[in-house]
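Below is one structure, written out as structure tokens, with a few remarks after it.
The values are calculated or read from the model by the stated rules, or taken from the named source; none is laboratory data. Every value quoted in this text rests on a predicted model; they were computed, and no experiment measured them. All Cβ positions, even for glycine, are placed from backbone atoms using ideal geometry, and neighbour counts span all protein chains on display. Ligands, DNA and RNA are excluded from the accessible area calculation, which covers all protein heavy atoms including side chains. Shrake-Rupley method; radii C 1.70, N 1.55, O 1.52, S 1.80 Å.
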Amino acid sequence: MVQIRGLRDFNDSDLADGLVAQGVLKRAAADRALKAAQGTGAALERTLLELGLASETQVYQHVAEWLDLPFVTGADIDPVLIKSLPLDHAFLERVEAIPVTENDNGSITFATSNPRGADAMRSISFHLGQDVEPAICARSTVRQSLGNAQDATKEVGADAASDVERLRFLSNEGPIISLTNDLLSQAVGDRASDVHIEALDGMGRVRFRVDGVLRVVRTLTSEDLAMVTSRLKVMADLNISEKRRPQDGRARIAVMGRNVDLRLSTLPAQHGESVVVRILDREALALDWEVLGFAPNVRDDIRGILGQASGIFLAAGPTGSGKTTTLYTALSELATDARKVITVEDPVEYAVPGVMQVQVRPEIDMTFARTLRAILRQDPDTILIGEIRDQETAEIAVRAALVGRLVLSTVHTNDSLSAVDRLLDLGIPSYLLSATLRGVMSQRLVRRLCATCSGAGCDSCDQTGYKGRAVVTELMKVPAEAAADLVHVTSAADIPSASLLRQFEPLRDSARALVDQGVTSEEELLRLDLS
């Protein structure tokens, strides 16, 4: 076996001790990073950067010293050599290695940002038929060097490459890491669902969406905005130099002792990029009907529908109305050792124990419909479809329900009756709806009046008068005696004559009841058009 000098298997405690001994970290900081790394499963060197405890250069330079290997920067790497070797760039990025120089003894020096990557170096050596000498570099150096090699092919100007390199360097320095982490930690602490980082004319603006409403929390200079944007892109493994096209990525951070998933979306706008970070805090997600605010009778009715062996149960409402949380709560009860539960989602937002969750990938033609066909061959008892958005998906969902599966899904409609209209519009015959549809839950989330100030505004609610949200529900059940009413329905307009399907409390009545109980306000109902 080819011996790779310096690179070796080691545990994070060894590396932490070495960094403390070299004076890079204080013992308390090293212990903090070790605890976070163990909790997230990330390498210690990555965790140090995410927590802003050291800069990228500091970390990797001292890793190199600790392993007695050279430390390489982007200036040491020749893009022509990268292009000349028969190695796929995607492979190099995946193993975090980059060729640096050919040596007089016929070997090639490869720099890596993975100090545990001896196996990858052996693979490179075997593929090239040459000995490999290892060196250490920052992770950004690998990405930037590969990007420079591609830019050289496309004859991108040197000034643009220089600007990108500067942004990458600055985004990995301690102050920007700390600023970015502070923003994300504040968002988690404030219970924000989304962070909006927007480029305005000559400045940047940061807004949090809390309880469904956006509010400004900070302004940024144009330079800080560019570096925070770059830092977020680095965290999500996005192309830092691409500013002309939208990008999407994911990241995970440790905040206040718990793991938080981030979903990042960038969009080119008039004055620069707009970045939205969706915060998916699994530990703050309560999959419990009572905690979520469902009335006992509604909870029992839902459980009655879910207790049936087959059929379709839909959650309806606009984006941000809590549909996915409702279905995840249902799944958490259905996922027992006796049931096979599979989901197809875009994307998978939260992991549900005991459930097989699949994410669609349209870029490789793994669509909802194609994935659903494969799932049906997996002998499922219950299937969750992230959204019924086209005729093919709707037809497969109905077919699955007809052959004995319980199917859960969402539709973007304003109320329960409109969900029936939506399925009819997608080409599902009414006689099939009557045979499969078991119920539709339409819902909204309204802000709760602050318990501390009763809506007057205080420090506890950031002077808004509201803290937390309550669910407003409208559950349309389709029992066997009502199913016959659907056979002759051609649109939602026909349903008023189907009296059994009208025996439910409409959304507006449910919302009015919350006002009468002092849970929310008239103004909140007006804001959501529920008055």
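A few notes on this one:
- Solvent accessible area, Å² - His62, 1.4 Å probe, full protein context: 40 Å²
- Acute angle (nearest 10 degrees) that the helix 158-171 long axis makes with the longest principal axis of the chain, alpha-carbon atoms: 70 degrees
- Using bins of 10 Å that start at zero, the share of Cα-Cα pairs per bin across the range 52-91 amounts to 24, 35, 36, 6, in whole %.
- Legend note: in the chain, cysteines whose Cβ sits 4.7 Å or more from every other cysteine Cβ are Cys137.
- Compactness index (Cα Rg / 2.2 N^0.38 Å), the range 414-531: 1.34
- Calculated on the alpha-carbon coordinates, the convex hull of the chain measures out at 185 cubic angstrom per residue.
- Measure of compaction for the range 27-70 (Cα Rg per 2.2 N^0.38 Å): 1.14
- The angle between the Cα long axis of helix 118-128 and the longest principal axis of the Cα atoms of the chain comes to about 70 degrees, rounded to the nearest 10.
- Set of aspartates and glutamates with alpha-carbon distance to Lys340 below 18 Å, sequence-local pairs under 8 removed: Asp379, Asp381
- Euclidean distance of C-alpha centroids, the range 318-352 and the range 201-263, integer Å: 27 Å
- Cα gyration tensor, the range 304-431 - rounded (a/c under 1.5), prolate or oblate: rounded
- To the nearest ten degrees, helix 56-67 and the longest principal axis of the Cα atoms of the chain are 60 degrees apart.
- Global geometry of the range 31-98, whether rounded, prolate or oblate, following the gyration tensor of its Cα atoms and the 1.5 cut on a/c: prolate
- Percent carbon-and-sulfur accessible area, the chain, ignoring ligands, DNA and RNA, probe 1.4 Å: 48 percent
- Sites excluded, trypsin sites (Lys or Arg not before Pro) in DSSP loops with at most 12 other C-beta within 10 Å, longest stretch of the chain: 378-531
- Rounded accessible area per residue of the chain, 1.4 Å, Å²: 45 Å²
- Whole-angstrom gap from the range 57-127 to the range 501-531, using each part's C-alpha centre: 62 Å
- Set of aspartates and glutamates near Lys83 by C-alpha distance (under 12 Å), chain-local residues within fewer than 8 positions excluded: Asp151
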